[in-house]
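The values are calculated or read from the model by the stated rules, or taken from the named source; none is laboratory data. Keep in mind the model is a prediction, meaning the values are calculated, not measured. Every residue, glycine among them, receives a Cβ derived from its backbone with ideal geometry; neighbour counts consider all protein chains shown. All accessible areas refer to the heavy atoms of the entire protein, side chains included, with ligands and DNA or RNA removed. Shrake-Rupley method; radii C 1.70, N 1.55, O 1.52, S 1.80 Å.
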Amino acid sequence: AACSMGNSTSRLYSALAKTLSSSAVSQHQDCLEQPDPAQLDPIDPKDLLEECQMVLQKRPPRFQRDFVDLKTSTATNHRPIRVMQWNILAQALGEGKDNFVQCPMEALKWEERKCLILEEILAYKPDILCLQEVDHYFDTFEPLLSRLGYQCTFFPKPWSPCLDVEQNNGPDGCALFFLKDRFELINSANIRLTAMKLKTNQVAIAQTLKCSETGRLFCIAVTHLKARTGWERFRSAQGCDLLQNLKSITQGAKIPLIVCGDFNAEPTEEVYREFSNSSLNLNSAYKLLSPDGQSEPPYTTWKIRPSGECRHTLDYIWYSQHALNVNSALGLLTEEQIGPNRLPSFNYPSDHLSLVCDFSFNPDPDRLL
């Protein structure tokens, strides 16, 4: 049941409430035709944030995270581009397969967890949002984010583990959202990743955008590589395939590139080295938070399963270091904030932390190639 809102039950709240009761199990295949956003009323993000906070009033407040200023001496003459990367935890997996033994089932209720996810997105106001494990795209994220001014794209896994869960909401996949008033879509590619020339169950979306303010082109990509220990060579092959696709799309790094994803790989894995050493001249943005600028964060996911505690660095924002500067990055949650029961929790909706970076174009990218 939706929480009572007294006399202020609004048109907006009813729009939010409609996303609580999903019939997308039977409909998700029929929903591939997106509704015309022009027929939907725009939403004021402040109003939506208030609605979410009303639903969450019995939960503890959001954690405070601060941006770390990483500006170099390079002056920029345009607004930064804020990019958010997040594995939001598929609802079917959270409730049905992932076995978070220290997380109460009550904390995973979609009616409230959805609002925690939206609250996090609304708090950081990304220009571009890259999500993984999205299984409520058609009934929640596309209807709401399109009304916030985002152009929305979803590419489900060909065979999603969510479909094994009773009362699932359809397959999970990657989703990419960008603000239409800041960018124009030039080209979009849905990529089914291969390994050893065989098609796999993992996917990526790559879109070439034109920045309205500067006229500059850049490519944004989102992916989610194969999980589990023992699949390192498989992830490496998927990473090689994705890099080959991106080399073609960016014309061999002529177009700047940002790649967001849950790579399911620690920095010690081969796929990480492939991205670090690629001819696309990529760097990992979150390394810049370390004192020497060379070390990844100690964790981007932290959970407790029946097999024990899992603390790993798996999520990354890669960028063309010759063409783009990282102005700032959102600091991670501390161990104290996360708490002894780890993630997800009543405070935080996913087992992965969101990563957020502000980018600017280098005025003279060719000089650094």
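Residue count for the stretch 327-337 under the criterion of being open to solvent by 10 Å² or more (accessible area, probe 1.4 Å) and of a type outside the set (D, E, K, R): the result is 6. Collect the residues in the stretch 311-326 that are open to solvent by 20 Å² or more (accessible area, probe 1.4 Å) and closer than 19 Å to Ile81 by Cα, keeping them in residue-number order. Those that are open to solvent by 20 Å² or more (accessible area, probe 1.4 Å) and closer than 19 Å to Ile81 by Cα: Gln321, Asn325.
Residue-by-condition table, conditions (1) buried (at least 18 other Cβ atoms within 10 Å of the Cβ); (2) under 19 Å from Ile128 (Cα atoms); (3) not aliphatic (A, V, I, L, M):
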{"residue": "Leu145", "(1), (2), (3)": "yes, yes, no"}
{"residue": "Phe154", "(1), (2), (3)": "yes, yes, yes"}
{"residue": "Leu163", "(1), (2), (3)": "no, no, no"}
{"residue": "Gln167", "(1), (2), (3)": "no, no, yes"}
{"residue": "Asp172", "(1), (2), (3)": "yes, no, yes"}
{"residue": "Ala189", "(1), (2), (3)": "no, yes, no"}
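Looking at the stretch 183-274, the strands (runs of 3 or more DSSP E) lying wholly inside it that each contain 2 or more residues that are over 19 Å from Val356 (Cα atoms) and among the β-branched types (Val, Ile, Thr) sit at 183-195, 198-211. Taking the listed residues Pro340, Pro344, Pro363, the one that is open to solvent by less than 10 Å² (accessible area, probe 1.4 Å) and of a type outside the set (D, E, K, R) is Pro344, with no other qualifying.
Condition check for Gly149 on (1) more than 25 Å from Leu246 (Cα to Cα); (2) touching a strand residue (DSSP E or B) at 6+ places or on another chain (Cβ under 7 Å); (3) among the small types (Gly, Ala, Ser); (4) surrounded by 20 or more Cβ atoms within 10 Å (Cβ to Cβ): one failure, at (4). Could you go through the stretch 241-253 and let me know if any residue there is out of contact with any Phe, Trp or Tyr (no Cβ under 8 Å at 6 or more places or on another chain), of a type in the set (D, E, K, R), more than 28 Å from Lys125 (Cα to Cα) and crowded, with 19+ Cβ neighbours inside 10 Å. Yes, some residue in the stretch 241-253 is out of contact with any Phe, Trp or Tyr (no Cβ under 8 Å at 6 or more places or on another chain), of a type in the set (D, E, K, R), more than 28 Å from Lys125 (Cα to Cα) and crowded, with 19+ Cβ neighbours inside 10 Å.
For the stretch 110-127, taking the residues that are surrounded by 15 or more Cβ atoms within 10 Å (Cβ to Cβ) and of a type in the set (Lys, Arg), the one that is farthest from Ser345 (Cα to Cα) is identified as Lys114. Contact map, the stretch 326-347: residues that are β-branched (Val, Ile, Thr) paired with residues that are outside any loop (DSSP other than H, G, I, E, B), Cβ distance under 7 Å, separation 6+ or inter-chain. Pairs shown: Val326/Ala285; Val326/Leu288; Val326/Tyr319; Val326/Cys357; Val326/Phe359; Ile338/Trp302.
Restricting the stretch 291-310 to residues that are assigned to a loop (DSSP other than H, G, I, E, B), closer than 17 Å to Glu335 by Cα and of a type in the set (Ser, Thr, Tyr) leaves a set whose member that is least open to solvent (accessible area, probe 1.4 Å) is Thr300.
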